[in-house]
Each structure stands twice: as structure tokens, then as C-alpha cells.
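Structure record follows, encoded as C-alpha cells.
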């Protein structure tokens, strides 16, 4: 963008934010306005299209810390007395011209040898003027002023390259969200999204994606300048809860109910799996509630490994007993008289 454009445009006003707005406020304002004036929502509306271009241009400058710093410096020059206005000989009313500014900068006074004719015709290109002064003429090279090559901060080209072209700017990144079922997240899924330009984007979500994970889709973001790469689409995945299965890393988990008899005497029981094919697992005699049984290879399958299925035993206490069952439990209680299952934890509590 030529520097003259930066003098003439108020990007803060375009986005409706104050000049000291932080990056988050600028981003929020841009998103709101971009949705409001997007061409897809205003088909055939030339004014909305122009507004959308202005919004995008303002955001591209203010969201880039380096460009924003240069833009603010240019605007400060315009407000602080270094006012580049056209005028006749001796200067016009309403502010000093190029001749006055640069004469005073380099000691020329009214009779100085740095002169710019701004009376009539097109406005001079500030980049050419400053480039000639600081980049190629007697003020070029390493000397003169601190900063990059050419005397002022910003490197080659002089005067910090204020308003000078920065080369083709890549497109900005776009953020999006999608929600997957637990099964889709474990096994992988294909989703279709809608980009800013209304283009349908279909992408494959890899198996094993986690809740809150971000996936970068390169080149699916905003359009860049001609010849520059598009931005990326940053997709955040939300995974729904499953009524039976949970997840710990690449392992799947579930609570496995067993009867008191199965836990006490031992049994072989069926365990559900996410793929719908149950497996058999051995519950050893005397298995307590809370013990975890590991079923190999029935967890999350990723490119690098396949997790396991972890079944946590939950001993189910019957809510109602028949007379015969009650008698059997009472007989068991009599046999266990004098056995205190809590003795160990009391001893540990006293030692700690």
C-alpha cells in the first residue's frame, strides 16, 4: 500500500475501535463486521462489497504488529505538525508543505537546498521522496541515525519503510468449530465446513482426535494478496460424551458390573466394545470392586499405536433378596465373624 493511502484512511474508524484497542478487540470487531458485510450475505450489494474490502484491508494492517506500528507512526506525523500538503510558493494556509518540513529538517530554512514543488499536479509519492533522501542519496548507508540500513528503523529503503510495500501479504487464518460423536472421534470422520467465501470445505478428521484438539487445514483460510498464499483454517473439535465408554489417552474405559457371586467365586463375563463385538473376560475368584481388567487392542487405534480397553469391576449389591439368598448371606456373615475388613485402613490412618 502506498503511504498516501495511509494518510487518507482511518482504519480504526473502519473497524469502529479506538486507536489504543488491543489485538483481541480488533479481531472481535473485524469478525462481527465481516459477517455483517460478507458478499455471501449481501449478493449484488456493491456498497456492502466495498465495505467488506475496507474492513479486510483495515484488519490486515491493524492485526499485523509491524504494519500497525508503521501506520500509527504515519498518522502521528499527519497529526503532529509534519503535514504534507500541497501549496504554492511560500506555502499555503492550513499547514506546512513538503518544502517547509524538509527544509527545517535539514537546516535549509527558507533558503535551504532541499526543495519540493508541490504546487499543482499530482501529489508526490512519499516513498520515492524518502527513499531518495535516505536510501540512495547522501544520507544512505549505515550512518546518520540509529536503526536499520538507511538511517531509520526498518532496514533497507530508509525511513523505516513507512507506508512502503511489504510484498504480497498472505491471507489471514480462520477459526472454526465442529462437533463429533464419541465414536466418530475414535474411529475418524469426514466433515464438511463452510469457508468465508461460501466455499464448501470437506476434510478428513483422523482417528483418535481428542476433545478440544485443534486441527490446521493449510490453505483453507482467507485469500491473500495476488501471488501470496492463503491463510489456514484452524478447526477446534468438540467430542460428545458416550453413555458407556470413556477415554484415557489411547485407552477406552468402562465400568463393568458383576454380581457378588461372580466376584466371589469367579466367572467369565461378556464385555461390550466400541465396535459392537463383545469379548469375553475372566473375573478371578475374590475380585474386589474397583479392580481394572485390561483387554488388549480394543482401545483407540491411531497411526502410531492401538490402545486397550480398561474394564473397572463394579460389584453389584442386590437390592432385594429371596428368603433362600438372605439365609445364605447370613450364613456367610456368621462364618466371617471376627473378620474386620476395615482394620488395615485404621492401622494406616494411625501410622500416617
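Take the residues in the range 310-324 that are assigned to a loop (DSSP other than H, G, I, E, B) and within 30 Å of residue 298 (Cβ to Cβ); name whichever of them is farthest from the chain's Cα centre (by Cα). Give the derivation first.
Step one: of the range 310-324, the residues assigned to a loop (DSSP other than H, G, I, E, B) are 317-322.
Next, only the ones that are within 30 Å of residue 298 (Cβ to Cβ) stay: 317-318.
Working: 317: 49, 318: 51 Å.
My answer is 318.
Are any of the residues in the range 243-250 modelled with pLDDT of 95 or more and closer than 30 Å to residue 34 by Cβ? Among the residues of the range 243-250, not one is modelled with pLDDT of 95 or more and closer than 30 Å to residue 34 by Cβ, which makes the answer no. Checking each residue of the range 40-54 against the condition of being outside any helix (DSSP H, G or I), surrounded by fewer than 18 Cβ atoms within 10 Å (Cβ to Cβ), outside the structural domain of residue 199 (by TED's automatic domain parsing) and modelled with pLDDT of 90 or more gives no match.
Out of all the residues in the range 280-294, which are touching a strand residue (DSSP E or B) at 6+ places or on another chain (Cβ under 8 Å) and within 15 Å of residue 258 (Cβ to Cβ)?
Step one: list which residues in the range 280-294 are touching a strand residue (DSSP E or B) at 6+ places or on another chain (Cβ under 8 Å), which gives 280-283, 287-294.
Of everything in the range 280-294, those that are touching a strand residue (DSSP E or B) at 6+ places or on another chain (Cβ under 8 Å) and within 15 Å of residue 258 (Cβ to Cβ) turn out to be 280, 281, 282, 283, 287, 288, 289, 290, 291, 292, 293.
Restricting attention to the range 40-52, the residues that are over 19 Å from residue 175 (Cβ atoms) and touching a helix residue (DSSP H, G or I) at 6+ places or on another chain (Cβ under 6 Å) add up to 4. Could you go through the range 9-20 and let me know if any residue there is at pLDDT below 85, surrounded by 17 or more Cβ atoms within 10 Å (Cβ to Cβ) and assigned to a loop (DSSP other than H, G, I, E, B). Within the range 9-20, one or more residues are at pLDDT below 85, surrounded by 17 or more Cβ atoms within 10 Å (Cβ to Cβ) and assigned to a loop (DSSP other than H, G, I, E, B).
Among the residues of the range 238-250, those identified as assigned to a strand (DSSP E or B) and surrounded by 17 or more Cβ atoms within 10 Å (Cβ to Cβ) are 239, 247. Would a scan of the range 213-236 turn up a residue that is over 30 Å from residue 60 (Cα atoms) and buried (at least 16 other Cβ atoms within 10 Å of the Cβ)? No - not one qualifying residue is present in the range 213-236. In the range 21-39, of all residues being within 19 Å of residue 169 (Cα to Cα) and touching a residue at least 40 places away in the same chain (Cβ under 8 Å), the one that is surrounded by the most Cβ atoms within 10 Å (Cβ to Cβ) corresponds to 34. Residue count for the range 251-281 under the criterion of being in a loop (DSSP other than H, G, I, E, B) and either touching a residue at least 12 places away in the same chain (Cβ under 8 Å) or at negative phi (or both): the result is 7. If the condition is being over 18 Å from residue 186 (Cβ atoms) and touching a helix residue (DSSP H, G or I) at 6+ places or on another chain (Cβ under 8 Å), then the range 240-269 contributes 267, 269. Checking each residue in the range 325-345 for being in a helix (DSSP H, G or I) and more than 19 Å from residue 259 (Cα to Cα) picks out 334, 335, 343, 344, 345. Is there any pair linking a residue in the range 63-85 that is within 19 Å of residue 30 (Cα to Cα) to one that is modelled with pLDDT under 80 and loosely packed, with under 15 Cβ neighbours inside 10 Å, with Cβ under 7 Å and at least six apart or on different chains, and which? Note: pairs meeting the criteria are 67/166. For residue 303, the test of being within 30 Å of residue 189 (Cα to Cα), exposed (fewer than 10 other Cβ atoms within 10 Å of the Cβ) and touching a residue at least 40 places away in the same chain (Cβ under 8 Å) is passed.
Could you list all residues from the range 172-204 that are on the phi < 0 side of the Ramachandran plot, at pLDDT below 85 and assigned to a loop (DSSP other than H, G, I, E, B)? The answer is 195, 196, 197, 199.
The values are calculated or read from the model by the stated rules, or taken from the named source; none is laboratory data. Note that the coordinates shown come from a computational prediction; the quantities given were computed from them, not determined experimentally. Glycine gets a Cβ as well: all are built from the backbone with ideal geometry, and neighbour counts include every protein chain shown.
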